[in-house]
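A quick write-up on the structure given underneath.
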Amino acid sequence: MSKYLYKSFLQIIPVLYIISLIVFILVHVTGDPVALMLPDTASEEDRRILSAALGLDQPLYVQYYRYMSHLLQGDFGTSFRYREAALPIVLERLPASFELAAASMVVACCIAVPFGIWSAVKRNTAGDILISGISVMGKAMPNFWVGIMLILLVAVNLGLVPVSGRGTFAHLVLPALTLGMGVAAEMTRLVRSSMLEILGQDYIRTARSKGVWEAAVINKHALRNALIPVVTITALQLTNLVGGALVTETVFSWPGMGQLIVQAINSHDMAIVQAAVFVIAIMVILINLATDIAYGFLDPRIKYNH
């Protein structure tokens, strides 16, 4: 295991380098940063001064060298909107994004796991067809529409929870439901298909033939092996929720990283975008590594190649 972890951490270095190169290229492809920062009424002298201050009057290879030297020191530049270093601003938004992502995953798992198992056990019944239909419909509905409908129904008409913001548990309910239901729709179908595959295995039939209680067959023998693909999709969805809940955080004014990225893109604040992309990339790598390790605990047959 230690050799596997050492090798995995070494692989992070070229991945991050490629990401840094892509981010550098995208920043320059999106347009002239000077033109994006200054108003249309700015003079040519103002543009020249700002370009020199940002080092944009230097050759491209010099700009890339400066970019990488600052990057290795954790310096992603200064946000011209906040007038502060970009990385601390991004890291300040991480707790809110993690809070929303964790709550959404709890909602998704509480919906998907029991309903997916029940749907597999009651295969081809009316309940199974109903759950499968709701899952397909839930996957087809965009998050922003679900969020707006929840705001109108639960917050505006019933007045049960606040419309937007962050601070109390009540503020978390609607955005967590909005994201969680979308994830649950996909996870339910995966849990169902995984359980169906496991329930058809010989060792399950053997356990049943020995008179093992059906609940024990499902919970002890089938569920643990069925969870391996579910862990994979959970890890992928978690990274999407932390860094990709752009629309939902905007709809509910949730002060997370998704909302910050949307604001940074709208204001052309590329220092924030660069820092956010790197933070998300590191989170994706670490979560995927943790997922690989979790496989070994769920299924001892899985071995790590050194």
Which one of L50, L54 is modelled with pLDDT under 80, farther than 15 Å from Q274 by Cα and open to solvent by less than 70 Å² (accessible area, probe 1.4 Å)?
-> L50
Of all residues in the stretch 220-257, which are surrounded by 24 or more Cβ atoms within 10 Å (Cβ to Cβ), small (G, A, S) and either touching a Gly at 6+ places or on another chain (Cβ under 7 Å) or part of a loop (DSSP other than H, G, I, E, B) (or both)?
-> A245, G256
Could you look through the stretch 185-205, keep only residues that are of a type in the set (V, I, T) and at pLDDT 80 or above, and pick out the one that is nearest to M137 (Cα to Cα)?
-> T188
Leading residue by the ranking (farthest from T178 (Cα to Cα)) among those in the stretch 81-106 that are open to solvent by 60 Å² or more (accessible area, probe 1.4 Å) and assigned to a helix (DSSP H, G or I) | P88
Name every residue in the stretch 75-115 that is touching a strand residue (DSSP E or B) at 6+ places or on another chain (Cβ under 9 Å) and at positive phi, in order of residue number.
-> G77
Taking H268 as meeting all but one of (1) open to solvent by 10 Å² or more (accessible area, probe 1.4 Å); (2) in a helix (DSSP H, G or I); (3) over 19 Å from G147 (Cα atoms), write down the number of the exception.
-> (2)
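Looking at this structure, is A126 of a type in the set (G, A, S), loosely packed, with under 12 Cβ neighbours inside 10 Å and under 30 Å from L227 (Cβ atoms)?
yes
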Could you please let me know if F80 is more than 27 Å from V247 (Cα to Cα) and at pLDDT below 80?
-> no
Restricting attention to the stretch 164-185, which residues are open to solvent by 50 Å² or more (accessible area, probe 1.4 Å) and without any contact (Cβ under 8 Å) to a residue 60 or more places away in the chain?
-> G167, T168, F169
Among the residues listed as P114, P162, the single one being out of contact with any Ser or Thr (no Cβ under 6 Å at 6 or more places or on another chain) and not in a helix (DSSP H, G or I) | P162
Which ones in the stretch 38-80 are among the β-branched types (V, I, T) and not in a helix (DSSP H, G or I)?
-> T41, T78
Determine whether the stretch 187-194 contains at least one residue that is assigned to a loop (DSSP other than H, G, I, E, B) and hydroxyl-bearing (S, T, Y).
-> no
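The values are calculated or read from the model by the stated rules, or taken from the named source; none is laboratory data. All values derive from a computational prediction rather than experimental measurement. We place every Cβ from the backbone using ideal geometry, glycine too, and count neighbours over all the protein chains shown. Each accessible area value is taken on the protein alone, full model and side chains, heavy atoms only, with ligands, DNA and RNA left out. Shrake-Rupley method; radii C 1.70, N 1.55, O 1.52, S 1.80 Å.
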